[in-house]
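Structure record follows, encoded as structure tokens.
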Amino acid sequence: MKRETDTPDHGLRVVVGAYALSLLLATSISALHAGLLFGLADSISLLREWAKPLTGARPADVLVVIMAISSLFAAHLAETAMWAVFFWKSGHLASFSDGWYFAGVSHTTLGYGDVVLKKPWRSLGPISAINGLLTFGCSTAFLFLVLQSIWQHPL
């Protein structure tokens, strides 16, 4: 059973403002994510150089993968939290908890549909989902490059 949230009826100006704000948030999250990927690439290079002489090649590679996955996981949690705050503080959802759940379901594209926004706000969920798809896609490509750089050497 779907549960709609209580959102007051607003005029066109407020709706356009909310959509503009959500697009600004999506763009900001994308920019932050891109910056994180470049910073993480530099950090991984430093970690590998530091750890190889101390632990050997394979344990250093394991540390690099753990660092990459952990950092990306934390980044995606933070990005979901940004969407949660947006949904909560803009009045579309009653609490941060509801915002967190809705943002998590939307951002990861699970799309359970048990919590939905009222019209005309429903399209904010897909904006979050598109943002999540793109950032998760970049993270996947980044992890692929990390593993590829490790596995270029014979196993």
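The values are calculated or read from the model by the stated rules, or taken from the named source; none is laboratory data. These figures come from a predicted structure and were not determined experimentally. Methodologically, a virtual Cβ is constructed for each residue, glycine included, from the backbone with ideal geometry; neighbour enumeration extends over all protein chains shown. Calculation scope for accessible area: heavy atoms of the full protein, side chains included, ligands and nucleic acids excluded. Shrake-Rupley method; radii C 1.70, N 1.55, O 1.52, S 1.80 Å.
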What ³J(HN,Hα) values, in whole Hz, does the Karplus curve 6.51 cos²θ - 1.76 cosθ + 1.60 give for region 125-136 when θ = phi - 60°, with x put for Gly and Pro?
x, x, 5, 4, 5, 4, 4, x, 4, 5, 6, 5
Expressed to one decimal in nm², the mean projection of the alpha carbon convex hull of the chain is 10.4 nm²
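Carbon-plus-sulfur fraction of the accessible area of region 33-155, 1.4 Å probe, in percent? Kindly include the intermediate steps, with their values, before the conclusion.
Working: 4830 of 6680 Å².
Ligands and nucleic acids excluded, carbon and sulfur give 72 percent.
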Quick check for me: using +1 on Lys/Arg Cβ and -1 on Asp/Glu Cβ, what's the dipole size of region 48-155 about its Cα centre, in debye to the nearest 20?
160 debye
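Can you sort L124, L37 by 1.4 Å-probe accessible area, starting with the largest? Please report the intermediate quantities before stating the final value.
Details: L124 0, L37 25 Å².
Heavy-atom accessible area, descending, gives L37, L124.
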Relative contact order, percent, the chain [alpha-carbon distance under 8 Å, six or more residues apart]
33 percent
Rounded to the nearest 10 Å², what accessible area does L54 have for a 1.4 Å probe in the complete protein model?
120 Å²
Rg and Dmax of region 47-119, Cα atoms only, in Å
18.5, 59
With Cα atoms, 0 to 90° folded angle of helix 96-107 axis to the chain main axis
70 degrees
Just read off the accessible area of Y101 with the full protein assembly in place, 1.4 Å probe, to the nearest 10 Å².
80 Å²
Whole angstrom only: what separates the Cα centroid of region 19-87 from the Cα centroid of region 105-139?
21 Å
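Compute the FRET efficiency between R58 and F38 as 1/(1 + (r/R0)^6), taking r as their Cβ-Cβ distance and R0 = 30 Å, and round to the nearest 0.05. Intermediate results must be reported in sequence, preceding the final value.
On the way: r = 26 Å, r/R0 = 0.87.
It comes to 0.70.
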Quick one: which residues, 5+ away or cross-chain, put their amide H under 5 Å from the amide H of V115? H built at 1.01 Å from N.
R3
For the chain, what is the mean residue ellipticity at 222 nm derived from helices alone (per DSSP H run of n ≥ 4: -39500 (n - 2.57); sum divided by total residues; nearest 500 deg cm²/dmol)?
-27000 deg cm²/dmol
How much solvent-accessible surface does T27 expose, in Å² to the nearest 10, with a 1.4 Å probe and all protein chains in place?
90 Å²
